[in-house]
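The values are calculated or read from the model by the stated rules, or taken from the named source; none is laboratory data. Keep in mind it's a predicted model, so treat the numbers as computed, not measured. As a convention, Cβ positions derive from the backbone with ideal geometry for all residues, glycine included, and neighbour counts pool all protein chains shown.
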Amino acid sequence: MSRLAIRVENLGKAYRIGLKEQRHETLLGALSAWVTSPVSNFGEVRKLSHFPKANAVDSPPSVSIGDVIWAIKDVSFEVEQGEAVGIIGRNGAGKSTLLKILSRIVEPTRGSARVYGRVGSLLEVGTGFHPDLTGRENIYLNGTILGMKKREIDWKFNEIVAFSGIEKFIDTPVKRYSSGMRVRLAFSVAAHLEPEILVIDEVLAVGDAEFQKKCLGKMSTVAESGRTVLFVSHNLTAIQSLCHRAILMNAGKTVMDGIPSRVVAAYLQSGERLLTERRWDDRSLVPGDGAVRLLAARVCSNDPVDLLSLDSQIWLEFEVLNLVPEAILNLSFHLYSQEGIMVLNSVTVPKALPAGDIRFTCHLPDRLLNDSLYSVELMIVMNAANVLLKIPDCLSFQIHDLERESAWFGKFPGAVRPNMKWTIEQADGASSGNGHPPTGTRTANGS
Amino acid sequence: MIETPPINSHLPPAVPTHPTKSTTLPVVIIQSKSEWKLIDWRECLEYRDLFYFLVLRDVTVLYKQTILGFAWAILNPLFSMVVFTLIFGMLLKVPSDGKPYAVFSFAALLPWTYFSQSLSGATGSLIQGTSIFTKVYFPRVFIPWVPVCSKLVDFAIALVMLVGLMIWYQVAPSKNIIFLPLLLLLLMLTSAGAGMLLSAMAIQYRDIRHAMSFMMQLLMYAAPVVWPASKMPSEFRIWYGLYPLAGVIEGFRAAMLNTGPMPWDLIGMGSITAGIAFLFGSLYFRRTERFFADVA
């Protein structure tokens, strides 16, 4: 029988957003407003902490009544001890507000939450770090701020320092550290926090790739050690790998609650509209000129096009209306990744084409692209020289890194991510006789 | 905002064969609650390590990267003493209970400097500590308390200076010196109480910060720093005692400089104010702390 760690009931949090100040048309109006401003200012400032109880109850979340906005509203869920729950959602969905309430930093406007056990909250790494103090002093300060006892830190001190990898600078003021070192030290302290319930906001997106790897590894041991973890992240790979359960929030409400892979899929599908299919039915709006026009373009896959993974087979289709018989045409497209890197340029062989609708299909090689948002810039070229048509954001599609077997859940670097063949063998092959096939060969899938 | 009831019906009944650790977990109920409540001393005790390191930070950081370091703790009151001695002692001939004006004013500047620094530190503490308390939970009352404790270091250093001055001017202390800790306690209680009130107000109404500098001047001239309380007409004396600094400063002089018997009338009245200030300050602070993070 598992026990409750957190029970959240009808939780709601309202904030005041500043309303536009009144403008005064006349000098007299401005003058009288200036005289009475202390009174109205007092009202304004006081309002920050006072909310009308009755009339705000029925307003939907994220809809302002006057200048009140509900950051979260009517949120209810339970978390059992030992569960690792990921919370995902767009910016402004209320994730951080929820964590702040559970960390007892802000008070809910309505509803309640029961928390069983000591809560350690990591809403930021390095809270309370003072630049003038040394690394050693900051470890103690930051550790106690996060809720550790002095004896606990004494006990773990060497471990913390070793984890951060900055042993040499431990007695140097933190202000002389590079920003990377500071983050490593801060995270090392945080990583050694051992409360019953750990509440983590997007703090893992710090440090270099190597250190992130270390942190996520530490996170997974925490999650596996039976502690309750509440984890907000945009790193969907990490959510899926570390959490047993995910909650999707949107506009202050919980939209979905369940197995991480499903919730992540729902989140991705609710994402911004990708241009995976375009069709110009109204021929007057078709891009192009008297010689050639683009009728349709689409991204196709054996998987749903809004949920492409690294292993999806992907092909692009373009339908072109050729108006000049026997025109020598070829298609060319540039593929850009989210970072604006042009990943590749692919062209067809110039060919004399009959008049009418012509379909071009381009199959991308399997397992070529990394996870990113890709956009396709299309060009239709005549006589291999003359660009008739150029459409910068013709199509766009996103490839997600949905499953990862290794211990690292950070963003995999690089523009492409093909499967590479690796062989691993003993190097002193000469003594074991020449001509033998290599032993211990295996392929790794590059992830 | 938060109460920690004893472990009871909130938990499902414990399985008797499996007395797991979880049955002893404290329950925290988080909900909107506006109420007057006192300081949760048990919780403060729980977090005492944090308090220690916050005070340590304050002390360590204050004189980092200065040339004179802790000498500043002496120079501040010393400078005031020189000015006061020139203006009030030599120019205006303000009476000084028969003692050299320099020691007379320095003995008063000692508690006054501590009071003004700890009070202004406490008042601004919440505004300065925003980056910490909006990220993590701990007893919020620590924030205004930290300067009240960390400034004690300056006080102690300046006390050594006073002893030096006493030797120089050959002024002997009275045996009432044993009451010094009591006076100090009164001082701490007053500045902690006023500090809690003012910091809780300042986090929402930033006017407080702007008003502080002239408030401090007013408070200083109201206190018997540059003049002796013996100048106060006797019919007002008992009411004047309601200002805790009156009793503390006069008590300091009586104890250190042997200017007369301990002014227990002033100290007694001051204790009433100090107690009320601490009680009301903590009540107001505790009532408003639930939305500090919202208005910060």
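Looking at (1) under 12 Å from the mean Cα position of the chain (by Cα); (2) within 16 Å of B:Leu54 (Cα to Cα), which one does B:Gly195 not meet, given that it meets all the others?
Unmet for B:Gly195, out of (1) under 12 Å from the mean Cα position of the chain (by Cα); (2) within 16 Å of B:Leu54 (Cα to Cα): (2).
Got a number for residues in the stretch B:175-225 being of a type in the set (Lys, Arg) and within 14 Å of B:Leu245 (Cβ to Cβ)?
0
Being more than 13 Å from chain A (Cβ to nearest Cβ) and more than 30 Å from A:Met148 (Cβ to Cβ) is the filter here, so list the residues in the stretch B:43-68 that pass it.
Scanning the stretch B:43-68 gives B:Ile67, B:Leu68.
Counting only residues that are under 22 Å from B:Leu198 (Cα atoms), give me the helices (runs of 4 or more DSSP H) lying completely in the stretch B:53-137 with at least 2 of them.
Counting at least 2 such residues, we get B:101-128, B:130-133.
Do any helices (runs of 4 or more DSSP H) entirely within the stretch B:156-240 hold 3 or more residues that are touching a residue at least 40 places away in the same chain (Cβ under 8 Å), and if so, which?
Once the helices (runs of 4 or more DSSP H) in the stretch B:156-240 are filtered for at least 3 residues that are touching a residue at least 40 places away in the same chain (Cβ under 8 Å), what remains is B:180-204, B:207-222.
Check every one of the strands (runs of 3 or more DSSP E) wholly within the stretch A:288-406 and list those with 1 or more residues that are loosely packed, with under 13 Cβ neighbours inside 10 Å and of a type in the set (Phe, Trp, Tyr).
It comes to none.
If we scan the stretch A:259-282, do we find a residue that is modelled with pLDDT under 85, more than 26 Å from A:Pro418 (Cα to Cα) and of a type in the set (A, V, I, L, M)?
Within the stretch A:259-282 (the criterion being modelled with pLDDT under 85, more than 26 Å from A:Pro418 (Cα to Cα) and of a type in the set (A, V, I, L, M)), the answer is yes, since at least one residue qualifies.
Go through the stretch A:334-353 and give me each residue that's in contact with an Asp or Glu (Cβ under 6 Å, 6 or more places away or on another chain) and either of a type outside the set (A, V, I, L, M) or without any contact (Cβ under 8 Å) to a residue 24 or more places away in the chain (or both).
Answer for the stretch A:334-353, where residues must be in contact with an Asp or Glu (Cβ under 6 Å, 6 or more places away or on another chain) and either of a type outside the set (A, V, I, L, M) or without any contact (Cβ under 8 Å) to a residue 24 or more places away in the chain (or both): just A:His334.
Can you tell me how many residues in the stretch A:372-390 are farther than 19 Å from A:Arg298 by Cα and touching a strand residue (DSSP E or B) at 6+ places or on another chain (Cβ under 7 Å)?
Number satisfying all stated conditions: 6.
Filter the stretch B:194-249 for residues that are more than 14 Å from chain A (Cβ to nearest Cβ) and either farther than 26 Å from B:Pro263 by Cα or among the hydroxyl-bearing types (Ser, Thr, Tyr) (or both) and give the result.
Across the stretch B:194-249, the qualifying residues are B:Met196, B:Leu197, B:Leu198, B:Ser199, B:Met212, B:Ser213, B:Phe214, B:Tyr221, B:Ser230, B:Ser234, B:Tyr240, B:Tyr243.
Conditions: (1) surrounded by fewer than 17 Cβ atoms within 10 Å (Cβ to Cβ); (2) at pLDDT 90 or above. B:Lys33 meets all but one. Number of the miss?
Only one criterion is unmet by B:Lys33, namely (2).
For the stretch B:133-166, give me the residue count where each residue is over 20 Å from the mean Cα position of the chain (by Cα) and of a type in the set (Ser, Thr, Tyr).
Total satisfying the criteria: 2.
Answer yes if at least one residue in the stretch B:29-49 is closer than 23 Å to B:Ala229 by Cα, hydrophobic (A, V, I, L, M, F, W, C) and in contact (Cβ under 8 Å) with a residue 40 or more places away in the chain, and no otherwise.
So far as the stretch B:29-49 goes, no, none of its residues is closer than 23 Å to B:Ala229 by Cα, hydrophobic (A, V, I, L, M, F, W, C) and in contact (Cβ under 8 Å) with a residue 40 or more places away in the chain.
Among the candidates B:Gly241, B:Gly270, B:Gly275, which residue alone is touching a helix residue (DSSP H, G or I) at 6+ places or on another chain (Cβ under 8 Å), surrounded by 24 or more Cβ atoms within 10 Å (Cβ to Cβ), farther than 22 Å from B:Pro173 by Cβ and of a type outside the set (S, T, N, Q)?
B:Gly241
With a cut-off of at least 1 residues that are facing chain B (nearest Cβ under 7 Å), crowded, with 20+ Cβ neighbours inside 10 Å and not hydroxyl-bearing (Ser, Thr, Tyr), name the strands (runs of 3 or more DSSP E) lying wholly within the stretch A:83-190.
Answer list for the stretch A:83-190: A:110-116.
Scanning the stretch A:1-32 for residues that are loosely packed, with under 10 Cβ neighbours inside 10 Å and within 14 Å of chain B (Cβ to nearest Cβ), which turns out modelled with the highest pLDDT?
Result: A:Ile17.
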